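Worksheet: one structure, shown below.
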Amino acid sequence: MLSRSITSVALVGLVLGVSVARGRADDKPAPPTGRFRGDIVDPVKKDVIMKVALWAPEKLPETRRLSLLILHHGYQGNENNYIGLTVDALKRLKLDGEFVVVSGKSKGPGWTVDDDERVLRIIDWAKQNYPIDPRRVFLFGSSNGAAFVGRFGSEQQDKIAGVVGYCGNYKFNAEKMKAENAAETKTEWYFVHGGKDSPQNSRKACDFLKERGYRYIFRQMDGYGHTDIWDSRGHADSKAADAVRDDWLRWMHWLRHKEMPVTDDQTKLLEAATEKFTKGVGQAEVARTSDIGGSAVGKALLPALRSKDRQVRSGAAAVFAYTASGKDALQEMIHWLDDPNLEKDFNVPEAIGLAANWRHLDAQNALGRFALDKTKPVIGRWMAARSLGRPVRLSLLGNFEDNRPLWTLVVLLDDDESTVRSEAFDALASAIPDGFGYKPDLKKDERQAAVEKWKAWCKEKCGACPADLTKR
């Protein structure tokens, strides 16, 4: 691992003037791994592209399967501001071997259009020197950095799979954001904003994207301001900030660029894997197939997902517990929620649950219907309630726009089955310290007062209960 304190420009230029991180035929040294701080020097032009703090896995994979995450600081910040907690989170999630993280320093005190070329060059440099999957390139920015990645990301959607912005005031390039079926074809967006820091700025960004059909996620954190939303200073612990940071890093690991094609080698691998999955012997292919990920894998595994053999379907669904599937594959998995043997297969509800968490509304609605259907197996309903708990827990931090999952769990507090009630309450409990006195093991008449209080609270937070849920 290179020392964090390396400052010699000559040495940096030597280290970084490389072509490919793996399978190199030349005798040039490998790029830095572990933690590194210093200047990225263009090996041809000999100029400094950018001053960075960088993280790369100690052991680089042989194939192009790593994600690239470019971090952008706030106004008058620097390259050291956000990389520490980001890498800590990756290690906590055991994803530190899956990402190259480059945290850059702007040309001036803040990021402007003058930095566009520099960011494009740093992306190209990383892809040339590490085994980056070009379908897994992501941007992060905070404050001024968030405004930058909003505008820059909207203009570079052919290169960027997803964008995360903290506490930003966004001005997208509207001309670059005109697309049919954008939710299934274009860059995805993840916003985080403190409730004490003009969260309407991120809300406006969400409204802009919604009008244009883009998929976005918004985690509002009430009780937080402009900087503590990242470092938790002044709060009893870092659980909320860590939970949000963990969530968007998992989201990045799950997401792929939607229009960029897979390579010829990946196509061959998918063809071979598909044959094994359709024969029910694809277990050994789950890791390699999920590494490719995205709608290309969803399309390739559609025959397996449509199989009448539950084991074949389950094997294919296991892939989508790790990666996005695309709309068609997701619809097939939703269809199989009606399988009477669902209780023997956790892969299908797990995969649908991940999509529900990251605002695939079809997945949210399907899980809700299933959880509320008393004709379904209890264990299946419990699994559906558990999967709905993911998006609800994070919505409780302050953004209640997706009211159906929340109302579904509130309605389930009065379900006939104690296991279902317990799962619903587990997801809701953090919202109210005393839970309004609710306990899942109380008899129906004993829990009614508490249930009514939960319903009143839910109505206050996200509006009236949807009409179809009131009939349950």
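No lab work stands behind these numbers, since they all come straight from the coordinates. The model shown is predicted, which means the values in this text are computed figures rather than measured ones. No Cβ is skipped: glycine too gets one built from the backbone with ideal geometry, and neighbour counts run over all protein chains shown.
On full extension of the chain, what length is gained from residue 442 through residue 429, given 0.36 nm per residue of separation minus the C-alpha to C-alpha distance?
3.1 nm
Check the straight Cα-Cα distances from residue 453 and name the aspartates and glutamates below 18 Å, setting aside those fewer than 8 residues away within the same chain.
The reachable aspartates and glutamates, counting only those whose Cα sits under 18 Å from residue 453, are 414, 415, 426, 434, 441, 445.
Note the full-extension length gain between residue 246 and residue 283 as 0.36 nm times their separation in residues minus their Cα-Cα distance, in nm to one decimal. Don't skip to the answer; put the middle values down first.
Working: separation 37, 0.36 × 37 = 13.32 nm, distance 2.72 nm.
Full extension of this stretch gives 10.6 nm more.
For the stretch 72-139 and the stretch 254-308, what is the separation of their Cα centres, given in Å?
So the two Cα centres are separated by 29 Å.
Can you list the HN-Hα couplings for the stretch 227-241, worked out from phi with the Karplus curve (6.51, -1.76, 1.60; θ = phi - 60°), rounded to whole Hz and with x for Gly and Pro?
Using θ = phi - 60°, the values come out as 10, 5, 4, 9, 9, 6, 4, x, 10, 4, 7, 9, 4, 5, 5 Hz.
Kindly put 342, 469 in sequence by how many other C-beta atoms sit within 10 Å of each C-beta, fewest to most. Spell out each step's value before the answer.
On the way: 342 22, 469 17.
Sorted ascending by nearby Cβ count, the order is 469, 342.
Sort 286, 244, 164, 44 so that the residue with the fewest other Cβ atoms within 10 Å of its own Cβ comes first and the one with the most comes last. Show your work: numbers first, answer last.
Details: 286 19, 244 22, 164 27, 44 7.
Listed from fewest to most nearby Cβ atoms, that is 44, 286, 244, 164.
Compute the separation of the alpha-carbon centres of the stretch 340-399 and the stretch 157-179 and state it in Å as a whole number.
29 Å
Rank the residues 345, 264, 362 as a footprinting-exposure proxy: fewest other Cβ atoms within 10 Å of their Cβ go first. Walk me through the numbers on the way to the answer.
Working: 345 20, 264 8, 362 14.
Listed from fewest to most nearby Cβ atoms, that is 264, 362, 345.
Quote the charge dipole size of the stretch 264-470 about the Cα centre in Debye, to the nearest 20; the model charges only the Cβ of Lys and Arg (+1) and of Asp and Glu (-1).
Details: 29 positive and 31 negative charges, 19 e Å.
With Lys and Arg at +1 and Asp and Glu at -1, about 100 debye.
So which of 105/171; 159/210; 45/159; 210/455 end up more than 25 Å apart by C-alpha?
Numbers: 105/171 21 Å; 159/210 21 Å; 45/159 23 Å; 210/455 28 Å.
The pairs that break the limit, which is 25 Å between Cα atoms, are 210/455.
Once you put a point 7 Å from the Cα of residue 341 and another 7 Å from the Cα of residue 114, both along the Cβ direction, what distance in nm separates them?
Distance between label points: 6.6 nm.
With labels modelled as points extended 7 Å from the Cα through the Cβ direction, what inter-label distance (nm, one decimal) is found for residue 260 paired with residue 75?
Taking the two extended label points, one gets 3.2 nm.
I want to check the label-to-label distance for residue 327 and residue 158. Put each point 7 Å from Cα in the C-beta direction and report it in nm to one decimal.
2.3 nm
So who's got an amide H within less than 5 Å of the one on residue 221, skipping anything under 5 residues away but keeping other chains? H placed 1.01 Å off N, in plane.
Distant-sequence amide H within range of residue 221: 193, 194, 195.
Would you compute, from DSSP H runs of 4+ residues alone, the mean residue ellipticity of the chain at 222 nm, taking -39500 (n - 2.57) per run and dividing by the full residue count, rounded to the nearest 500? Can you show the working numbers first?
Values: 21 runs with 216 residues, N = 472.
Computed mean residue ellipticity for the chain: -13500 deg cm²/dmol.
Can you run phi through the Karplus equation (6.51, -1.76, 1.60; θ = phi - 60°) for the stretch 53-61 and list ³J(HN,Hα) in whole Hz, with x for Gly and Pro?
10, 9, 10, 9, x, 4, 10, 8, x
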